[in-house]
Amino acid sequence: MAAIVVKSLTKTFGKSKKALDNVSLTIEPGEMVALIGASGSGKSTLIRHIAGLVEGDRLKGYCGVNVLGRSIQDNGRISAGAHDVRRHIGVIFQQFNLVERMSVLSNVLVGVLGRIPSWRGYLGLFSKDEKRLALAALDRVGILATVRQRASTLSGGQQQRAAIARALVQQSKIILADEPIASLDPASSKRVMETLRSVNEEDGITVVVSLHQVDYAYRYCPRTVALRDGQVIYDGPSDALTPGFLHELYGAASDELILGERKETPPKPSKAAAYAKPSRLVPQGKLKMAVSV
Amino acid sequence: MADLATKAQTMDLPKADLKRSSLTLGIWAILAIALMWSWEGADMRPLALYKDAANMAAFVDGFFPPNFYEWPTLLQEMIITVQIAIWGTILSVICAVPFGILSSENMVPWWVWQPVRRLMDSFRAINEIVFAMLFVVAVGLGPFAGVLALWIHTTGVLAKLFSEAVEAIDPQPVEGIKATGADKIQQVIYGVIPQVMPLWISYSLYRFESNVRSATVLGIVGAGGIGMILWEQIRGFDYAGTAATLIVIVASVTLIDVISQRLRKMVT
């Protein structure tokens, strides 16, 4: 059973602006997939659709999103069981979306709300085991020491890791991360991406992460889905996304997707190769293959 | 410097925008017309202040020196007044939480917030004194009628203030909680209330201050508190006693305002 199946999803904002244009995608359990694309290419919109936070257009024929074999939205309607399916999806946002005035512990405990009786949630009665689970999750992401602090006192990187801890406490099988590192400095970005990778590798959680820069996709995600104007224009191994190929996909807009270290201009590959780390060099032959994927 | 002065002689202000200046003129004209129109209706007789000056001086003279002969009763009634305000405020805060959320545009569909808001409008539109008169008939003379009056009126006020705070929240944390599979009420408890709590506490304390002030007159219609004494004294031409009562009211209200302001500063 696939972790996520997106079928012919289209989303129109206003009269004709297509944020998503007939997007189909299958992600298997245990994958770590990057979604890349310039701003406005539909990455965040796609993630919000998969999480069932917004509904797609109503179209003829089947279109919708299935998560873990259950429908979360179907033909422009959030499914009746979406609330239940959401419990298995942890979402991580660019702006962390923690409640800043609550303690880190309370923020992480929110993750158990979906599976405890509602009245316990209303009264804030969490069991000792649930609190221990929250502590274990905070330990896992490396910010156990902050447990009693208000979320607002944490740095951006720490807040994002608290958000990951919340998803862990949720015991979700899938984590959707919507530009989790876009507001972070490079060191925090690296730590957040490493946390996501360890969650993927050690806990077997499927991770879909949208990224503004392709560099992190090379380093952390075996598979990349590239979007442009709401369409999937590439879906395959991240290795194949050389700057030259990106240029082919995005034209001049590709500059925006690459951080300094791997930037190159197509005519001078040899010079760029000298700067790039060897593990990320891709033979030209593979590039052609990738196009046909 | 000299250069600037020479240059200055050649400068000219850009022409004022005709539309803007005529608008300003229009607003002043409307204000002037409104004042003239209300003169008759409001029975404005500034000359009376001058003509009856001697009369008024004699009247004011009656207030001095204040006569505290009734002070144990005064103090007791003032405490009752504050107690009325405490209960009236607490009950209305409890009710204003659900009503406030149900009248927030970003929390519920329009067919919920519209009727709830209109109901709150009517709670607010009717003065505490009017409610107090009605409740005196319903539950009899005494402080309980005052508590009920403050409760209804303050619920209307606080629900509006609370909902304004709710409408100004950051929606992102709420979405974060929604995404964990929490239900609607849990989204409010964990996502909305922590964000609005400081404002809500501040508004509630402020309303407590106002309720102490309002409660001082509830007694006039028989709804308990110091207002009852005040009314008796004024009707009995006991102006020295009235002055004492007023001093007690001013002192208590000031004291409570100061304390409450301190508390409000602490929470926000």
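A compact table of results
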quantity	calculated
Members of region A:76-102 found to be acidic (D, E) and either touching a helix residue (DSSP H, G or I) at 6+ places or on another chain (Cβ under 7 Å) or under 24 Å from A:T12 (Cα atoms) (or both), listed by number	A:E100
Any hit, region A:28-51, residues being in a loop (DSSP other than H, G, I, E, B) and closer than 23 Å to A:I116 by Cα	yes
Test: residue in region A:232-239 that is touching a Cys at 6+ places or on another chain (Cβ under 6 Å) and either of a type in the set (K, R) or modelled with pLDDT of 50 or more (or both)	yes
Residue list for region B:163-202, restricted to those being charged (D, E, K, R) and either in a helix (DSSP H, G or I) or facing chain A (nearest Cβ under 7 Å) (or both)	B:E164, B:E167, B:E175, B:K178, B:D183, B:K184
Selected residue (criterion: farthest from A:G14 (Cα to Cα)) from residues of region A:54-75 that are away from chain B (no Cβ under 14 Å) and out of contact with any strand residue (DSSP E or B) (no Cβ under 8 Å at 6 or more places or on another chain)	A:G69
Among residues of region A:40-52, those that are surrounded by fewer than 19 Cβ atoms within 10 Å (Cβ to Cβ) and closer than 17 Å to A:I92 by Cα, counted	0
Output for region B:83-142, where each listed residue is under 12 Å from B:A159 (Cβ atoms) and of a type in the set (S, T, Y)	B:S92, B:S103, B:S104, B:S122
Evaluation of B:A138 against (1) surrounded by fewer than 21 Cβ atoms within 10 Å (Cβ to Cβ); (2) within 14 Å of another protein chain (Cβ to nearest Cβ) (one fails), failing number	(2)
Candidates A:Q159, A:Q171, filtered to the one that is more than 10 Å from chain B (Cβ to nearest Cβ) and part of a helix (DSSP H, G or I)	A:Q159
Helices (runs of 4 or more DSSP H) (entirely within region B:53-138) containing at least 2 residues that are of a type in the set (S, T, Y) and at pLDDT 90 or above	B:71-102
Hits in region A:76-86 - residues which are basic (K, R) and within 14 Å of chain B (Cβ to nearest Cβ)	A:R86
Tally, over region A:87-114, of residues that are surrounded by fewer than 18 Cβ atoms within 10 Å (Cβ to Cβ) and within 9 Å of chain B (Cβ to nearest Cβ)	2
B:A159 under 17 Å from B:R213 (Cα atoms), buried (at least 21 other Cβ atoms within 10 Å of the Cβ) and assigned by TED's automatic domain parsing to the domain that holds B:S204	no
A:D185 being surrounded by fewer than 21 Cβ atoms within 10 Å (Cβ to Cβ), within 30 Å of B:P194 (Cβ to Cβ) and away from every other protein chain (no Cβ under 14 Å)	yes
Some residue of region A:222-236 being assigned to a helix (DSSP H, G or I) and crowded, with 24+ Cβ neighbours inside 10 Å	no
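The values are calculated or read from the model by the stated rules, or taken from the named source; none is laboratory data. Small disclaimer: the values here were computed from a predicted structure and weren't measured. All Cβ positions, even for glycine, are placed from backbone atoms using ideal geometry, and neighbour counts span all protein chains on display.
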